[in-house]
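What follows is one structure encoded as structure tokens, with my remarks underneath.
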2 protein chains.
Amino acid sequence: MSDSTQKPKREILVIGAGGVGTMACVALERSGMARVTAVLRSNYEKVVRDGFDIESVDHGKLSGWRPSHVVNKVPDASLQRPFDYVLVTMKNIPEITKIAEIIAPSMTPNHTTIVLLQNGIYIEPPMIDAFPTNAVLSGPSYIGAHERNGHVIHDDSDRYHLGVFHNTQLDHKYEQSILEDFASVYNGDGIEHAMVVRDIIRYRWKKALWNGIYNTMCAITQLDNAAIRRSGGEYSLIRPGMAEMAAIAKADGYDLGENIVDEMVDATPIELSFRPSMLVDVDKGNPVEVEVILGNALRVARREGVQTPILDNTYRFLKLIQNRLLVARGYIDEPRDIPTADFI
Amino acid sequence: MSDSTQKPKREILVIGAGGVGTMACVALERSGMARVTAVLRSNYEKVVRDGFDIESVDHGKLSGWRPSHVVNKVPDASLQRPFDYVLVTMKNIPEITKIAEIIAPSMTPNHTTIVLLQNGIYIEPPMIDAFPTNAVLSGPSYIGAHERNGHVIHDDSDRYHLGVFHNTQLDHKYEQSILEDFASVYNGDGIEHAMVVRDIIRYRWKKALWNGIYNTMCAITQLDNAAIRRSGGEYSLIRPGMAEMAAIAKADGYDLGENIVDEMVDATPIELSFRPSMLVDVDKGNPVEVEVILGNALRVARREGVQTPILDNTYRFLKLIQNRLLVARGYIDEPRDIPTADFI
């Protein structure tokens, strides 16, 4: 046990208690080093009454499990002990919700650290813009966990790379100590969930090669990851798309190596067929994370002058599908005028 | 009445008795100049028993209507008087059926003229390859007509441009006389259905600007023609896609003019929203005419060295969707190996 176990329990707010968020609550509480407040929405009444029922590859069966506090709205930090960490695991769809606005009530300036366990690339700068005195930790999750009305199936281990996203107004050493502290708490249950890394943006770019390509292209074609390859998509779209994403990363200062496309394709064996999360969302009629997974990468491409014809079109098609999903769910009205502005 | 009315009745085989084909049967029979044999499939028993029930913008209400002959397979030309014309109105999906193989039994060399009232660009050369001694007429239909089990709603007038697709082994004058004869029969009911033109390929390219773009992009995004424009698609995909198609046509020798994109967009008012036929097919799970509408155009682009990044990607996505539809309908087995060949 590290020295950090001697410190008082960290006050941690977890926003977004789907599969990722609930398993974060479990790991943090089980460390004995944290007191977790979980913000629930659709499953709030169920969990208050019965707790979570969890079948976890990391923690076994947990019946009627609850974190220290369960609330149904983001708490006002001025009315209680300040939060040390606000952990965000919500889906990140800026067309619908601004994460910074959601977490704002729970933030204490100069104190609360934001931890983003969410998909996407360059999702951190809006947090730093909104909370310039607070540190930001960033961790692209690889967990497999699905929650439905308080029942969680957690079938792939909760592991992620975790790093500082540097806030230029803060001291590096301070940010580093926060990173070490949070990782020690999250790993305090004896499992190495969080792998501390020096350069988290590199890991996010690497994940963007998978998420920005398989997720988006499977969502458009409604084919799973194996069927899209077998149907000719591996060479017509998947590999060229990944090569464009690697070129954006390189122009941004992150050379992922000559063999990165082969590595990313080989990382998912063809025998392992599944519907990527964005395709599952389209299947269900849910809006998708097109902006943080693909739009942000393409904004870097435009800034750096990288040509990305395949990803541009993937984005254009996916934005139109997103529009259809947003209208169908009532998040936006169907536009009445024809937009003429540039598409990014 | 022209001299052609003095000739014996033309023997005409109509293959594909959906909306387009049935209304062709009606026009041809009503001229009094043709004896039509219609090849029916799913509606054969129903039409033999009850005839067609038709509500037509051109012909009014027709109850229990039948052409001269109704058959359920393509007749063997050697067993009867040869057909003067074989009119094809089937959907053209080479992945499933080769039109040349289907019509082969009904063709008499040096005599039968093929008339293609089908979608697509450069759908005629495979016919000339298969039947080098026969003339080919070509007419991209604009009819609005839908058939279901013998009941036809015909709500947009049956009009089309009709021209010769030149067979280099045949004499121009012979082809021209055939064209005039067929048009006089089809228009013999007193309505100008067929508008004879000198250069049918130009009209097919023009139609490709609409079909190759709206049909394909609406099918991928599952948005109708108006919603795709209002959602930003007019400037991100529709207009750039049309401009690429116009560039292919120009490289092929058909300059459609500087304002063709504006003309084609303006041709469909934003107030008129409908689901293009290819989107309706995707809605129903039916395979789509991706090869004749888009693939053939892109093969011209590759031959002429025209860059078409947007249409290339449209084709790549649509081919994957087509693969999904073909597998789901059982037309092909799911591929087991990963193709590596070029995509066109």
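Some observations on this one:
- Residues of segment A:106-117 satisfying the condition of being out of contact with any strand residue (DSSP E or B) (no Cβ under 6 Å at 6 or more places or on another chain) and closer than 28 Å to residue A:299 by Cβ: A:107
- Residue A:283 vs. criteria surrounded by 15 or more Cβ atoms within 10 Å (Cβ to Cβ), under 23 Å from the mean Cα position of the chain (by Cα) and modelled with pLDDT of 95 or more: no
- Some residue of segment A:46-58 being without any contact (Cβ under 8 Å) to a residue 12 or more places away in the chain, surrounded by fewer than 22 Cβ atoms within 10 Å (Cβ to Cβ) and not aromatic (Phe, Trp, Tyr): yes
- Flag if residue A:164 is surrounded by 15 or more Cβ atoms within 10 Å (Cβ to Cβ), among the β-branched types (Val, Ile, Thr) and in contact (Cβ under 8 Å) with a residue 60 or more places away in the chain: no
- Any hit, segment A:87-101, residues being over 20 Å from the mean Cα position of the chain (by Cα), surrounded by fewer than 16 Cβ atoms within 10 Å (Cβ to Cβ) and either polar (S, T, N, Q) or modelled with pLDDT under 95 (or both): no
- Residues in segment B:304-333 that are in a helix (DSSP H, G or I), out of contact with any Pro (no Cβ under 6 Å at 6 or more places or on another chain) and hydrophobic (A, V, I, L, M, F, W, C): B:311, B:317, B:318, B:320, B:321, B:327, B:328.
- Residues of segment B:169-191 include at least one that is away from chain A (no Cβ under 14 Å), in contact with an Asp or Glu (Cβ under 6 Å, 6 or more places away or on another chain) and not small (Gly, Ala, Ser).
- Scanning segment B:246-280 for residues that are more than 22 Å from residue B:232 (Cβ to Cβ) and under 18 Å from the mean Cα position of the chain (by Cα) returns B:277, B:280.
- Residues of segment A:31-85 that turn out to be over 22 Å from the mean Cα position of the chain (by Cα), among the aliphatic types (A, V, I, L, M) and closer than 30 Å to residue A:111 by Cβ, as a count: 5
- Matching residues, segment B:168-185, being buried (at least 22 other Cβ atoms within 10 Å of the Cβ) and in contact with a Phe, Trp or Tyr (Cβ under 9 Å, 6 or more places away or on another chain): B:182, B:185
- Residue in segment B:265-279 that is without any contact (Cβ under 8 Å) to a residue 60 or more places away in the chain, away from chain A (no Cβ under 14 Å) and assigned to a helix (DSSP H, G or I) present: no
- The single condition among (1) under 22 Å from residue B:313 (Cβ atoms); (2) of a type in the set (Gly, Ala, Ser); (3) more than 13 Å from chain B (Cβ to nearest Cβ); (4) under 21 Å from the mean Cα position of the chain (by Cα) that residue A:305 does not meet is (4).
- Selection over segment B:220-264 of residues that are under 28 Å from residue A:333 (Cβ atoms) and within 13 Å of chain A (Cβ to nearest Cβ) gives a count of 22.
- Residue in segment B:186-208 that is surrounded by the fewest Cβ atoms within 10 Å (Cβ to Cβ), counting only those that are hydrophobic (A, V, I, L, M, F, W, C), at pLDDT 95 or above and not in a helix (DSSP H, G or I): B:195
- Looking only at residues in segment A:216-247 that are touching a Pro at 6+ places or on another chain (Cβ under 8 Å) and without any contact (Cβ under 8 Å) to a residue 12 or more places away in the chain, the one that is surrounded by the most Cβ atoms within 10 Å (Cβ to Cβ) is A:231.
- Residue identified as polar (S, T, N, Q), touching a residue at least 24 places away in the same chain (Cβ under 8 Å) and exposed (fewer than 15 other Cβ atoms within 10 Å of the Cβ) among A:72, A:119, A:134: A:72
- Residue match in segment B:320-335 (condition: within 14 Å of another protein chain (Cβ to nearest Cβ) and within 18 Å of residue B:225 (Cα to Cα)): no
The values are calculated or read from the model by the stated rules, or taken from the named source; none is laboratory data. Just so it is clear, the model here is predicted, and its values are computed rather than measured. Here the Cβ is made from the backbone with ideal geometry for all residues, glycine too, and neighbour counts use every protein chain on show.
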